[in-house]
Amino acid sequence: EVHLVESGGGLVQAGGSLRLSCAASGLTFRDREEWTFGWFRQAPGKEREGVSVINIKNGSPYYADSVKGRFTISKNNSLNVVYLQMDSVKPEGTGHYYCAADHEATSDFYLRGVGYGMDYWGEGTLVTVSS
């Protein structure tokens, strides 16, 4: 029922910017229900790591220390889309970026737990940062 589709990945130079989108269907952001959305990434040969999560109901964001001050997570309630604005990207930011969602209230556990327990995942979008 719930489907997530990421877009916006591509090749970007170190120091540049890229904006990822996660379009959700099968749910409505304007409903008074608890939903957590998040972005996770996996670099080549590395384990998945949490990037940022957001509470859909109240908009509260959480960020990994590695991206604080450079990335911004946001949402559009009318379009049911979650964004990840990535500024000042670094080569170590290269990898597949995944959008995930869970029908629960948000905490930093989702970030630290690299999305474990999240019920819905997109197929991912590849981000390549050239140095």
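Pair-distance distribution of the range 1-50: all C-alpha pairs, bin width 10 Å, starting at 0; shares per bin in whole percent are 18, 41, 30, 11, 0. Normalised per residue, the accessible area of the chain is 52 Å², obtained with a 1.4 Å probe and no contribution from ligands, DNA or RNA. Divide the volume of the convex hull around the Cα atoms of the range 1-122 by the residue count and you get 94 Å³ per residue.
The fraction of accessible area contributed by carbon and sulfur in the chain is 46 percent, rounded to a whole number (1.4 Å probe; ligands and nucleic acids excluded). All Cα-Cα separations within the range 66-113 were binned at 10 Å from zero, giving a P(r) of 18, 52, 29, 2, each value a whole percent of the pairs.
Less than 13 Å from a label point 7 Å out along the Cα-to-Cβ axis of SER60: which backbone N atoms in the range 94-126 qualify, by residue? Those under the cut-off are 105-110. For the chain, adding -39500 (n - 2.57) for each run of n ≥ 4 DSSP H residues and dividing by the number of residues yields -500 deg cm²/dmol at 222 nm.
Sorting ASP102, ASP108 by solvent-accessible area of protein heavy atoms yields ASP108, ASP102, largest first, with a 1.4 Å probe. Straight-line reach from LYS68: taking Cα to Cα under 18 Å and skipping same-chain neighbours fewer than 8 places apart, the lysines in range are LYS90. Listed by chain and number, the lysines placed with their C-alpha closer than 17 angstrom to that of LYS57 are LYS75; residues fewer than eight positions away on the same chain are left out.
The values are calculated or read from the model by the stated rules, or taken from the named source; none is laboratory data. Computed from a prediction, not measured in an experiment: that's the story for all the values here. Glycine gets a Cβ as well: all are built from the backbone with ideal geometry, and neighbour counts include every protein chain shown. Side chains are part of the model used for accessible areas, which takes the heavy atoms of the whole protein and leaves out ligands, DNA and RNA. Shrake-Rupley method; radii C 1.70, N 1.55, O 1.52, S 1.80 Å.
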